[in-house]
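Chemist: The structure under discussion is supplied below as structure tokens; questions concerning it will follow.
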Amino acid sequence: MNSLQIIVCVKQVPDPEGPVDAFQVDPNKKKVIPIGIPPLINPFDENALEAALRIKDCYGAKVIVISMGEKLAQPVLKKALAAGADDLILLMDPCFKDIDSWSTAYVLSRAIKKMEKYDLILTGRQASDWDFGVTGLFIAEMLQIPAINLARKVEIKDGNVWVEKLCDDGYEIVKAPMPVLITVSNELGELRYTSVRSLQSANKRLVTIYRANDIDLDFQNLTTRKIHNLFLFNDKRQCKFIEGESLQEKGEKLALAMKTDGII
């Protein structure tokens, strides 16, 4: 088998494990502002990177990681190099600020088309900040290649990709020719451990940076995300005690109270 070329799309997000009270909502700007929350690679995208590295372990594949954003923290994304990726490409431009999922997929697809060859594209099943879960499938549509979502296992056999795809009552085994795009779920497993030494070494490596003009974009295809309303949910509750001489009486009063409050 010829050496495979695998592209992994990753997103920089605020740490989803940060405390809830550290995320502030600005209803006027319609933004969620993380206070003191460090950025990291989207955990689902780390699952996708781990899938790529497992294939590399077996077949000697070349793994290229791509990330897109207005501003990106290189030390954060260089974790992918520390884990075993071969190259890191950053797509950075002010026009990428707050663009929607379709536009994000368009930018990534244009960068992928710039490459001479790719056999497999891996993404996380969704991002931990917006949870839309559509960007990967949009990329496949734009590149006109097959797509398989919700993978818990990815293998290469006889020049084809075999995927264990999650479904409601278990999983399906799906076979597809390459090139193909696969969205990877957390059931595949966490990204392998990266040592301090490998992180230090990765920080010294150069990365490729593309601006919007470098990937031949049609700027009319970039659409800003439109948020109609954003507010902090008020979770204050009032507790009512239902009194009664018997369980039947308490049950009747409970049903009446729930009906009065519009619960039933």
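Chemist: From 75, 39, 14, which residue is under 23 Å from residue 229 (Cβ atoms) and in contact (Cβ under 8 Å) with a residue 12 or more places away in the chain?
Modeler: Working: 75 fails: under 23 Å from residue 229 (Cβ atoms); 39 fails: under 23 Å from residue 229 (Cβ atoms).
The match here is 14.
Chemist: I'd like to check something: does region 164-176 contain any residue that is assigned by TED's automatic domain parsing to the domain that holds residue 139, under 21 Å from residue 112 (Cβ atoms) and under 22 Å from the mean Cα position of the chain (by Cα)?
Modeler: Start the filter on region 164-176 by keeping residues that are assigned by TED's automatic domain parsing to the domain that holds residue 139, which leaves 164-176.
Filter once more, keeping what is under 21 Å from residue 112 (Cβ atoms): 176.
Right, trim to under 22 Å from the mean Cα position of the chain (by Cα) and you get none.
Checked region 164-176: no residue is assigned by TED's automatic domain parsing to the domain that holds residue 139, under 21 Å from residue 112 (Cβ atoms) and under 22 Å from the mean Cα position of the chain (by Cα).
Chemist: Ok, one more. Only residues in region 193-221 that are under 14 Å from residue 65 (Cβ atoms) count as the first member; pair them with residues that are of a type in the set (Val, Ile, Thr), Cβ under 6 angstrom, at least 6 apart or cross-chain, and list the lot.
Modeler: Listed pairs, sorted by first residue: 208/89.
Chemist: To continue, here is another question. Do any residues in region 242-263 that are free of Cβ contacts under 8 Å to residues at least 40 places away in the same chain have Cβ atoms under 8 Å from those of residues that are among the β-branched types (Val, Ile, Thr), where the two are at least six apart or on different chains, and which pairs are they?
Modeler: Cβ pairs passing all conditions: 250/242; 253/242; 254/242; 255/264; 257/242; 258/264.
Chemist: Related question: Within region 120-141, how many residues turn out to be under 24 Å from residue 207 (Cα atoms) and touching a Ser or Thr at 6+ places or on another chain (Cβ under 9 Å)? Full working, then the answer.
Modeler: To start, the set of residues in region 120-141 that are under 24 Å from residue 207 (Cα atoms) comprises 120-124, 127, 135-136, 139.
Okay, now just the ones that are also touching a Ser or Thr at 6+ places or on another chain (Cβ under 9 Å), so 122-124, 127, 135-136, 139.
Adding up the residues that qualify gives 7.
Chemist: Name the residue that is farthest from residue 50 (Cα to Cα), counting only residues in region 81-101 that are touching a helix residue (DSSP H, G or I) at 6+ places or on another chain (Cβ under 6 Å) and not polar (S, T, N, Q).
Modeler: Here the residue is 95.
Chemist: In region 192-227, what count of residues is obtained for those that are in contact with a Lys or Arg (Cβ under 8 Å, 6 or more places away or on another chain) and part of a loop (DSSP other than H, G, I, E, B)?
Modeler: Residues flagged as in contact with a Lys or Arg (Cβ under 8 Å, 6 or more places away or on another chain) and part of a loop (DSSP other than H, G, I, E, B) within region 192-227 amount to 6.
Results for (1) surrounded by fewer than 21 Cβ atoms within 10 Å (Cβ to Cβ); (2) in contact with a strand residue (DSSP E or B) (Cβ under 6 Å, 6 or more places away or on another chain); (3) hydroxyl-bearing (Ser, Thr, Tyr); (4) in the same structural domain as residue 205 (by TED's automatic domain parsing), shown as yes or no for each residue.
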residue	(1), (2), (3), (4)
10	no, yes, no, yes
45	no, yes, no, yes
65	no, yes, no, yes
84	yes, no, no, yes
97	yes, no, no, yes
104	no, no, yes, yes
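Chemist: Also, I was wondering about something else. Can you say whether residue 70 is in the same structural domain as residue 131 (by TED's automatic domain parsing), free of Cβ contacts under 8 Å to residues at least 12 places away in the same chain and closer than 21 Å to residue 132 by Cβ, as far as the supplied structure shows? Spell out the reasoning first.
Modeler: Numbers: in the same structural domain as residue 131 (by TED's automatic domain parsing): yes; free of Cβ contacts under 8 Å to residues at least 12 places away in the same chain: no; closer than 21 Å to residue 132 by Cβ: yes.
Answer is no for this residue.
Chemist: Against the conditions (1) crowded, with 17+ Cβ neighbours inside 10 Å; (2) among the acidic types (Asp, Glu); (3) touching a residue at least 24 places away in the same chain (Cβ under 8 Å), where does residue 187 fall short? Just the number, please.
Modeler: If we test residue 187 against (1) crowded, with 17+ Cβ neighbours inside 10 Å; (2) among the acidic types (Asp, Glu); (3) touching a residue at least 24 places away in the same chain (Cβ under 8 Å), just (1) comes out false.
Chemist: In the list 206, 256, 217, which residue meets the criterion of being more than 22 Å from the chain's Cα centre (by Cα), in the same structural domain as residue 86 (by TED's automatic domain parsing), among the aliphatic types (A, V, I, L, M) and exposed (fewer than 13 other Cβ atoms within 10 Å of the Cβ)? Spell out how you get there, then give the answer.
Modeler: Values: 256 fails: in the same structural domain as residue 86 (by TED's automatic domain parsing); 217 fails: exposed (fewer than 13 other Cβ atoms within 10 Å of the Cβ).
The match here is 206.
Chemist: Still on this structure, please answer the following. Can you tell me which residue in region 100-135 is nearest to residue 212 (Cα to Cα), limited to those that are among the aliphatic types (A, V, I, L, M) and in a loop (DSSP other than H, G, I, E, B)? Let's see the steps before the verdict.
Modeler: Looking only at region 100-135, we keep the residues that are among the aliphatic types (A, V, I, L, M), and these are 105, 107-108, 111-112, 115, 120-122, 127, 134.
Among the residues that remain, those that are also in a loop (DSSP other than H, G, I, E, B) are: 115, 127, 134.
Details: 115: 15, 127: 22, 134: 22 Å.
The residue in question is 115.
Chemist: Also, quick follow-up: Mind checking which pairs have a first residue in region 129-153 that is closer than 19 Å to residue 189 by Cα and a second that is among the acidic types (Asp, Glu) and surrounded by 17 or more Cβ atoms within 10 Å (Cβ to Cβ), Cβ under 6 Å, 6 or more apart or different chains?
Modeler: Qualifying pairs under 6 Å: 152/164; 153/164.
Chemist: Scanning region 154-175 for residues that are part of a loop (DSSP other than H, G, I, E, B) and without any contact (Cβ under 8 Å) to a residue 60 or more places away in the chain, which turns out surrounded by the most Cβ atoms within 10 Å (Cβ to Cβ)?
Modeler: Just the residues of region 154-175 that are part of a loop (DSSP other than H, G, I, E, B), to begin with: 158-159, 168-169.
When the remaining residues are screened for being without any contact (Cβ under 8 Å) to a residue 60 or more places away in the chain, the result is 158, 168-169.
Values: 158: 7, 168: 4, 169: 5.
The qualifying residue surrounded by the most Cβ atoms within 10 Å (Cβ to Cβ) is 158.
The values are calculated or read from the model by the stated rules, or taken from the named source; none is laboratory data. Quick caveat, the model's predicted, so the values are computed rather than measured. Cβ coordinates were reconstructed from backbone atoms using ideal geometry, including for glycine residues, and neighbour counts include every protein chain displayed.
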